[in-house]
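Read through the structure below, which is laid out as structure tokens, and then see the notes.
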Amino acid sequence: MTRLRKRAFVALFLFTLFIFGTMMGLRTLKPSDGFSDLAPGIGFAGGGGGGERRRQQQEVRDLVASPVRSDAGSDADGDTKVVFTKSDRDHSIFYDVHIFYYLWYGSPGMDGQYVHWDHVLVPHWDPKIAAGHAQGRHVPPEDIASSFYPELGPYSSRDPHVLESHMSQIEASAAGVLVLSWYPPGVADNHGEPTEDLVPAVMDAAQRHSIKVAFHIQPYKGRTDQSVHNNIKYIIDKYGAHGAFYRFRSSTGRVLPLFYVYDSYLTASEAWAELLTAKGSHSLRGTPYDGVFVALVVEERHKNEILAGGFDGMYTYFASNGFSFGSSHQNWRAIKTFCDGNNLLFVPGVGPGYADTAVRPWNNHNTRNRVNGRYYETSLQAALTVRPDIVTITSFNQWHEGTQIERAVPKKTVTRLYLDYQPNKPDLYLELTRRWAQHFDKEKDKWLM
């Protein structure tokens, strides 16, 4: 009897270990997120081309952009879909799927040095915690500031072959709008070099692939409501006539540029109101520089601040479910309800996972495992559940935070073992994005019926 009890105890212990391991692997796939029967899944066979119908304009909010579908073959401003033939097959890209894109990478061949791939290991603000983690900076090309390794290697954003590859990959993903991380001329992030001079090449490359470009205004040093006024004027004057410049059609029929404003909460809502309300001292409203301005919602209090600041909507950006109020899937319905009640656009952000320990070695608790694409699909389904007008993807190539859908490859060095997409192919997340973009388009048709 004692022996049987020991065996039973050992079996129970092993079973408990198995359950614990499984739960850790699926740590972020919360029951509340669920897997809808409508979810395409990795094996979902979404439609590509086919007969096009003109989408009736959604008769809802005055200030919220309300997409309408284009006729087949058109990519006119404000349309949400373009269908075209390439390589003897019909396929579509969707302008209500936006993807964040970064231009800050450099390599010796193009830039004289590695830029961003050699990112420092950011120390924790608590010296006691910082002392327990590695310090210094990465040494490319074998040791880069990412948990994954790009198929193109540690590339330069200035390389025209890299830029063309990126546009081809984004086209393959069916995301129609590239949201460009933007700094003013001569300005860069703390670890990079100015990149505004690259924007014309990005616009031209995007246009060759029928991709539109929107601007993601970054929190550069000295950013104020007045400097953003100047930024918007500069962007529209310089790029507004370009065929790739993205504009969004409102429910009133107006077609306006759309701008994302990162870390918008760093500026007081009273200051934003001077820029974004009709009675503001340097208001953009009703001028040739008017637009759809979308602020970042991180904390719950930001909702009312965004409203008071005169913004047209809010986006969540972060790909780590549970990291913030805004990025938590369980809060999206409440945020959407708030936005609907206040004539605001809600733009949920989804991503394939999150792993930034290559630059923040102390931040493992915010890692979100990819689970071979299941985390991504859970996020996408959560976004569609709230019936958004636009979904954003974080990101195409934010390699530092491990949110990229760009092609990655297995790599092992003497000191590093990089994560990869195996047992799937390098284009797994491009394909999943395409399938879900197609699914999103079909679901929107149902919502409007």
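Output yes when any residue across the stretch 303-321 is within 30 Å of N364 (Cβ to Cβ), open to solvent by 10 Å² or more (accessible area, probe 1.4 Å) and touching a Gly at 6+ places or on another chain (Cβ under 7 Å), and no when none is. Within the stretch 303-321 (the criterion being within 30 Å of N364 (Cβ to Cβ), open to solvent by 10 Å² or more (accessible area, probe 1.4 Å) and touching a Gly at 6+ places or on another chain (Cβ under 7 Å)), the answer is yes, since at least one residue qualifies.
When the stretch 413-424 is limited to residues that are farther than 14 Å from R370 by Cβ and in a loop (DSSP other than H, G, I, E, B), the one that is least open to solvent (accessible area, probe 1.4 Å) turns out to be T413. Can you tell me which residue in the stretch 425-449 is most open to solvent (accessible area, probe 1.4 Å), limited to those that are part of a loop (DSSP other than H, G, I, E, B) and closer than 20 Å to S395 by Cα? So, considering only residues that are part of a loop (DSSP other than H, G, I, E, B) and closer than 20 Å to S395 by Cα, the one most open to solvent (accessible area, probe 1.4 Å) is K425.
For the stretch 403-412: of the residues being open to solvent by 30 Å² or more (accessible area, probe 1.4 Å) and in contact (Cβ under 8 Å) with a residue 24 or more places away in the chain, which is nearest to V97 (Cα to Cα)? Selected residue: R407.
Considering the conditions (1) closer than 27 Å to R434 by Cβ; (2) in contact (Cβ under 8 Å) with a residue 40 or more places away in the chain, S327 is excluded by exactly one of them, (2). Within the stretch 107-136, the set of residues being under 23 Å from W362 (Cβ atoms) and either of a type in the set (V, I, T) or surrounded by fewer than 13 Cβ atoms within 10 Å (Cβ to Cβ) (or both) comprises V120, V122, W125, D126, P127, K128, I129, A131, G132, A134, Q135, G136.
Of all the residues in the stretch 336-347, those that are touching a Pro at 6+ places or on another chain (Cβ under 8 Å) and without any contact (Cβ under 8 Å) to a residue 60 or more places away in the chain number 2.
Within the stretch 146-170, the set of residues being open to solvent by less than 10 Å² (accessible area, probe 1.4 Å) and either in a helix (DSSP H, G or I) or among the basic types (K, R) (or both) comprises H166, M167, Q169, I170. G222 passes every criterion in (1) touching a residue at least 24 places away in the same chain (Cβ under 8 Å); (2) part of a loop (DSSP other than H, G, I, E, B); (3) not aliphatic (A, V, I, L, M) apart from (1). Taking the criterion of being under 23 Å from the mean Cα position of the chain (by Cα), β-branched (V, I, T) and more than 16 Å from L345 (Cβ to Cβ), the only residue of the stretch 282-309 that qualifies is V298. Pairs are defined by a Cβ separation below 6 Å, a sequence spacing of at least 6 or placement on different chains, a first member in the stretch 152-173 that is under 21 Å from D96 (Cβ atoms) and touching a residue at least 40 places away in the same chain (Cβ under 8 Å), and a second member that is not in a loop (DSSP other than H, G, I, E, B) and not hydrophobic (A, V, I, L, M, F, W, C); the pairs so defined are S173/T433; S173/R434. From V228, V213, which residue is in a strand (DSSP E or B), out of contact with any Asp or Glu (no Cβ under 8 Å at 6 or more places or on another chain) and of a type outside the set (S, T, N, Q)? After applying the criteria, what remains is V213.
Taking the conditions (1) open to solvent by less than 10 Å² (accessible area, probe 1.4 Å); (2) within 26 Å of F248 (Cα to Cα); (3) touching a strand residue (DSSP E or B) at 6+ places or on another chain (Cβ under 8 Å) in turn, A382 satisfies each one other than (1). Count of the stretch 337-357 residues, restricted to those that are surrounded by 18 or more Cβ atoms within 10 Å (Cβ to Cβ), under 16 Å from D389 (Cβ atoms) and not aliphatic (A, V, I, L, M), is 5. Within the stretch 245-263, can you find the residues that are outside any strand (DSSP E or B), under 14 Å from W182 (Cβ atoms) and not aromatic (F, W, Y)? Of everything in the stretch 245-263, just one residue is outside any strand (DSSP E or B), under 14 Å from W182 (Cβ atoms) and not aromatic (F, W, Y), namely D263.
The values are calculated or read from the model by the stated rules, or taken from the named source; none is laboratory data. Please read these numbers as outputs of a predicted model, since none were measured by experiment. Every residue, glycine among them, receives a Cβ derived from its backbone with ideal geometry; neighbour counts consider all protein chains shown. Side chains are part of the model used for accessible areas, which takes the heavy atoms of the whole protein and leaves out ligands, DNA and RNA. Shrake-Rupley method; radii C 1.70, N 1.55, O 1.52, S 1.80 Å.
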